[in-house]
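Below is one structure; the comments refer to it alone.
The values are calculated or read from the model by the stated rules, or taken from the named source; none is laboratory data. Keep in mind that this is a model prediction, so the values were computed, not measured. Backbone-built Cβ (ideal geometry, glycine too); neighbour counts: all protein chains shown.
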Amino acid sequence: MTTTSDSRTTGTGEKNGRMMKLGAVGGDWLDQRVGGAGLVKFFARKIFPDHWSFMFGEVALYSFVILLISGTFLTMFFVPSMDEVVYDGPYEALQGAEVSRAFASTMYISFELRGGLLFRQMHHWAALVFMVAIFVHMFRVFFTGAFRKPRELNWLVGFSLMVLGMVAGFTGYSLPDDVLSGNGLRVIDGLMKAIPIIGTYLSMLLFGGEFPGTDIIPRLFTIHILLVPAAILGLIAIHLVMLVAHKHTHYPGPGRTDRNVVGFPLFPVYTAKAGGFFFLVFGIITLISATTAINAIWVYGPYDPSPVSAGSQPDWYMLWTDGGLRLMPGWEFTVFGYVISLNMLIPFAVYGGLLAFLALYPFLEAWVTGDDREHHVLDLPYNTPVRTGIGVAWISVYLILALGATNDLIALKLQLSINDLTWLFRIGIFVAPVLLFWITKRVCLSLQRQKRNTVLHGEETSRVVRTESGEMLEIHEPLNEYDRWVLVQHDDYRPLKAGNGVSSLRAKATSFFFKDRIEPVTPTELREAMEHAGHEKHVIDEATGGDYRIPAEKAHH
Amino acid sequence: MNQNLDGSFPARGVSAIAPKEDGGFPNPGLPPHVHRQADIDPKAEKRAERIVAAMFGISVIGTAIFIASYFVVTPTGTNLFAETGSTSALWWSNLITGLGLAIAVFFIGAAAVHWAKTLMPDEEMVEERHELKGSEETRAAAVGILTEGIQEAGIGRRPLIVTSMVAALVALPIAILAPLSTLGPLPGNKLHHTFWRAGMRLARDHDGTPIRAADVAMNSIFHVMPEELTHETPHYLEERAKAATVIVRIDPALGQNEESLANGYEGILAFSKICTHVGCPVALYEQQTHHMLCPCHQSTFDVTDGAKVIFGPAHRPLPQLPIEVDAEGYLVATGDFPEPIGPSFWEMYKEK
């Protein structure tokens, strides 16, 4: 298959002829065995649109590949065992300390194995990049409405990948059995115990007895290197198959419609661009790992239930789950002698609610709009003020939770009281989303209003003409039809009245979404505006004699 | 009337799409193509070609550096830049190995992308989309196949098989509970007791030496474990995770809680070190305010008032270990903690 393709790109001459022949033979061999020709015909000229914002998903995919490569390397040397050994490696501060084999082997990888520290750091950095890329990709999809029909299921697949990414990350950084990872597991143990009725049983089952026990690291290891990556791989396959079936979305532009896809072919352009991009991501993660230390377990020391240092934070993508625990007041009740820990159960409910809302949003919006057409042209975020506002509000809650988990660090760096900061976040988590929703919505509407003006009156040129009657007129340059198309192509929605098959709940929902709307420019309006501009141009031409240069430019000439 | 605002009839309810007045604007189609430098200038084309080739060349150099670093810039063996086995040898090894690999892979990527951007076609191509749903015939055929299959299997005609099959499929997943239950023991009374017993001496954590009451200076803090709890103790870490205790000495005049003072010895009070929130060690003691702070989630406990929670997400006070002084002047426990230590749980107040 590849050899056939190669023949297309080689140069001219006899060499080319030989390559062609070789390629034809190889291609024929493969075609007779796997139907290679059909695959090439189907895939090689698939069109993908070009936009920088489409790269985030690619970054996630490529950092996952890097995770697999570096992770495979690490499994060759890491020992997932909690047996106690005496550390006798080159790191002096810990020599003689009783540590688990998991910790000792991580120390060996870091200090003695050639390239070990590099691959360990690459694995950890790639995990951080993986999660950043997933989140940014997810919100690119959210804000541009790429989750709309027919892509709702792929949104759910992507959402599951995000959750699995968090599980992969948490099980991964718990493995080295250092103080930080042990305390992370300690928190998981405490959270499980807070679950009514079955909490203590779950904790005993997970840890194979009391915390910390000697089972948890081998168990997490299997989850981390087998179950979760297998699930992630499977879901990535589904994600990509659906991407090919749906064909990629594109941003609105002249010539782009819901019935076509405009861009470059997979072969050769995207083979080079996307393939090359993998190596760029690989190179950048390697560069960071070569120069920037991460998860220095020798500084934290081996896990012991007694010591902990201030500034214990999980990796960034788990911060939000820790923030809720910090911000909750100590609410706990005893009913009929049984304990109900609201200080844990309420954060659980909030996290579940935030995730569920995100997962189900495409279905919610489809119910509101009742729009059952296929959408392949993306929305510009300012054309959907309420959706964009909701997205920003969601992110603000997420960020406040994440900031809440770093309140001790912020307090220390900014010399603030940790209690004041906690109160600020406690209030902020209610106020910020409402405020930011409103501000975002208003900004979007203003942008729509401004774009509408640009369509009708053209771009301002900053050249003002005074007519003989003293009237001041600014010269406007009309948009060309390609630029104008981007600003007039979008769909518009209206609130519905209850009745005639519309429930009052849905009527209220459409009112919430579409009550404040800027009507898009219609061709009639544009015609009228053009006529008006024509009159104005006439007046301006009379005053200037058709020469729009300012006096200074004329003098210079 | 179940009609869209734009006059069409959607398959599913009424849609909120607003009709486009005058049918909206026509799509002007793709704009004219603008050529790149390398498309019109053979010199620019040649230059781009050379840059791509050079970048592939740089990648080879990176590969060479990476391989060489395994022999001459190693953490514990030969190292050109630092003393063998030193921290700086590790630093250099990581840096050079990493830079080599970074150069090797980055420049393959840079070359490929530059090649695509400057020399491969940049005229946009158009591919038509097709509706995902099958044609009416296909859908009818699919329905036909499924109906026929269901008929052939006799699902409709054999309710006995269907009912028993559903029963079997519902019952089977319950089987998973059996292997799951073997993952760990039942909680029993494990969470209700710790290693502490009456008469056990309070020993300094890690060096294991017992503490005399006279050694505990005003406002000082000690991290303690039961003297008998050593590496040889079965379930050493689990016992440590429950028995960890801190002692502080406060001026008894400051004490606001008579019961707490009575369980201490001349203002020396022993509290569980395990936070009652989710179980982090409560390790930070503010001598001025007599507050203990959990570094994980900032629960704050007032030592002068029976370690009551004054801020943060914890609810219960830290359980207090009752102590006295033995004949030789050493601090000893007079019993276990009066209630379970660490995170609260459902059946915590049940007698076990």
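For the reader, a short list of remarks on this structure follows.
- Residues in region B:244-293 that are touching a Leu at 6+ places or on another chain (Cβ under 6 Å), at pLDDT 95 or above and not β-branched (Val, Ile, Thr): B:ALA270, B:PHE271, B:SER272.
- Residues that are part of a helix (DSSP H, G or I) and either farther than 14 Å from B:LEU180 by Cβ or among the hydrophobic types (A, V, I, L, M, F, W, C) (or both), drawn from region A:193-208: A:LYS193, A:GLY199, A:THR200, A:LEU202, A:MET204, A:LEU205, A:LEU206, A:PHE207
- Residue within region B:8-16 that is in contact with a Ser or Thr (Cβ under 7 Å, 6 or more places away or on another chain) and not in a helix (DSSP H, G or I) present: yes
- When region A:170-182 is filtered for residues that are part of a helix (DSSP H, G or I) and out of contact with any Gly (no Cβ under 9 Å at 6 or more places or on another chain), the ones remaining, listed by number, are A:THR171, A:LEU180, A:SER181, A:GLY182.
- Among the residues of region A:173-192, those identified as under 23 Å from A:VAL339 (Cβ atoms) and either more than 7 Å from chain B (Cβ to nearest Cβ) or among the acidic types (Asp, Glu) (or both) are A:LEU185, A:ILE188, A:ASP189, A:MET192.
- Among the numbered conditions (1) farther than 30 Å from A:ALA402 by Cα; (2) surrounded by 18 or more Cβ atoms within 10 Å (Cβ to Cβ); (3) modelled with pLDDT of 95 or more, the only one that A:ILE429 does not meet is (1).
- Of the residues making up region B:286-324, those that are buried (at least 20 other Cβ atoms within 10 Å of the Cβ) and outside any loop (DSSP other than H, G, I, E, B) are B:MET292, B:LEU293, B:THR300, B:PHE301, B:VAL303, B:THR304, B:VAL309, B:GLN320, B:LEU321, B:ILE323.
- Any helices (runs of 4 or more DSSP H) falling wholly within region B:101-203 and containing at least 2 residues that are away from chain A (no Cβ under 11 Å), surrounded by 15 or more Cβ atoms within 10 Å (Cβ to Cβ) and out of contact with any Cys (no Cβ under 8 Å at 6 or more places or on another chain): none
- The set of residues in region B:305-352 that are within 11 Å of another protein chain (Cβ to nearest Cβ) and among the β-branched types (Val, Ile, Thr) comprises B:VAL309, B:ILE310.
- Matching residues, region A:257-303, being facing another protein chain (nearest Cβ under 7 Å) and not in a helix (DSSP H, G or I): A:THR257, A:ARG259, A:ASN260, A:VAL261, A:VAL262, A:GLY263, A:PHE264, A:PRO265
- Flag for A:GLU374 being at pLDDT below 95 and of a type outside the set (Val, Ile, Thr): yes
- Residue check, B:PHE271 touching a Phe, Trp or Tyr at 6+ places or on another chain (Cβ under 9 Å), in the same structural domain as B:ILE323 (by TED's automatic domain parsing), farther than 28 Å from A:LEU403 by Cβ and not in a loop (DSSP other than H, G, I, E, B): yes
- Within region A:500-557, the set of residues being over 22 Å from A:LEU479 (Cβ atoms), more than 9 Å from chain B (Cβ to nearest Cβ) and in contact with a Ser or Thr (Cβ under 8 Å, 6 or more places away or on another chain) comprises A:GLU542, A:ALA543.
- Qualifying residue in region A:473-488 (condition: assigned to a loop (DSSP other than H, G, I, E, B), within 27 Å of A:ASP258 (Cα to Cα), within 10 Å of chain B (Cβ to nearest Cβ) and in contact with an Asp or Glu (Cβ under 9 Å, 6 or more places away or on another chain)): no
- Taken as a whole, region B:204-211 holds at least one residue that is free of Cβ contacts under 8 Å to residues at least 40 places away in the same chain, within 14 Å of another protein chain (Cβ to nearest Cβ) and either at positive phi or hydroxyl-bearing (Ser, Thr, Tyr) (or both).
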